[in-house]
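Notes follow once the structure below has been shown.
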Amino acid sequence: MKNLLLVEDDPEATRLLEIYLSSESYRLVCCGTGGEAISKLNVLTFDLIILDISLPDISGFEICKHLRDDGCTIPIIMLTSRSEETDKVLALDIGADDYVTKPFGTLEFMSRINALLRRSEQTRIEANDQNQEISYKELVINTNKRKVTLRGKRLELTHKEFDLLVLLATHPGRTFNRYEILELVWGNTFEGYANTISTHINRLRNKLEADISDPKYILTSWGAGYRFSE
């Protein structure tokens, strides 16, 4: 049985999700504030987090960023009553796996939950099957520990920066276009987000490269995408 954490201060939305999720045999833990959510995450193990953006104490954005900066890899679905594209971009940028606008269709929402759980399980299996460490020049990537060192010094990468680096480094020489990166790293095809892939590449280069004008690790395939050096 999968354990889900619902962080939602709307009693009606909580009641509705409790009904449908229990019918799918999920074990659901509910809380109405960000502080309570963080407390539960410190003592319990969850397979997925459903996180409302507008909470009475801490915003869902802050909680999501805190979790990802702390190395948490639990899938996160953000909930909001706002439909602005900038909110969706921000949610994905800080590490959310999906973004759902209220009101939402329950069947579609359940499908999104199931898809995320399947993808998370597959990622875990693949990570166990892969080599634990990838080394190239002075760069070492430990996929199991989600740890990256350069010249013996640990690099602080965001959740998505790490996933992007691993995607490229595990396929040296192969060029990925922006939409392939979006699908493989973020798990969706939200076209409005594709233009920010270059932003993540630039952030990685600033952390990896001694001279970003002459990169040695992450290279540009002009007009096609990005690749890791062979």
Rounded to 5, percent antiparallel among DSSP beta bridges of the chain: 50
Listed residues 74, 113, 38, most fluctuating in the chain (Gaussian network, C-alpha, under 10 Å): 38
Rounded if a/c under 1.5, otherwise prolate or oblate - the range 26-117, Cα gyration tensor axes: rounded
Length-normalised contact order for the range 148-228 - Cα pairs under 8 Å, 6+ apart - percent: 34
Among 37, 91, 13, residue whose mean-square fluctuation peaks in a GNM of the chain (springs only between Cα atoms under 10 Å): 13
FRET efficiency, residue 23 to residue 54 (Cβ-Cβ, R0 22 Å, nearest 0.05): 0.25
Inter-label distance, nm, simple model (7 Å from Cα along the C-beta direction), residue 174/residue 151: 3.1
Top of 12, 62, 36 by mean-square fluctuation, Gaussian network on the chain, Cα under 10 Å: 12
Percent RCO, i.e. relative contact order, over the range 20-90, from Cα pairs under 8 Å lying at least 6 residues apart: 31
Crossing angle, helix 60-69 versus the chain [Cα axis fit, 0-90 degrees, rounded to tens]: 40
Label of the coordinate-derived value, Rg and Dmax of the Cα atoms in Å, listed as (1) 20.3, 79; (2) 18.1, 60; (3) 18.5, 56: (3)
Average accessible surface area per residue within the chain, 1.4 Å rolling probe, Å²: 51
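At a 1.4 Å probe, what is the % contribution of carbon and sulfur to the accessible area of the range 1-113?
Carbon and sulfur atoms account for 50 percent of the accessible area of the range 1-113.
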Helical contribution to [θ] at 222 nm, DSSP H n ≥ 4, -39,500 (n - 2.57), averaged over the chain, rounded to 500: -12500 deg cm²/dmol
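So how much slack lies between residue 219 and residue 195, counting 0.36 nm per residue of separation and subtracting their Cα-Cα distance, in nm? Don't skip to the end; give the middle numbers.
Numbers: separation 24, 0.36 × 24 = 8.64 nm, distance 1.72 nm.
That works out to 6.9 nm of additional length.
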FRET efficiency for residue 111 and residue 9, using Cβ-Cβ distance with R0 set to 25 Å, rounded to 0.05: 0.50
Surface accessible to a 1.4 Å probe, residue 24 within the full protein complex, Å²: 90
FRET efficiency, residue 209 to residue 66 (Cβ-Cβ, R0 35 Å, nearest 0.05): 0.80
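If contacts are Cα pairs under 8 angstrom and at least 6 residues apart, what is the relative contact order of the chain in percent? Please list the in-between numbers first.
Numbers: 321 pairs, mean separation 29.5, N = 230.
Relative contact order for the chain comes out at 13 percent.
The values are calculated or read from the model by the stated rules, or taken from the named source; none is laboratory data. If you're wondering where the values come from, they're calculated on a predicted model, not measured in any experiment. For neighbour counting, all protein chains shown are included, and Cβ atoms are generated from backbone atoms with ideal geometry for every residue, glycine included. Surface areas here come from the heavy atoms of the whole protein model, side chains and all, with no ligands, DNA or RNA. Shrake-Rupley method; radii C 1.70, N 1.55, O 1.52, S 1.80 Å.
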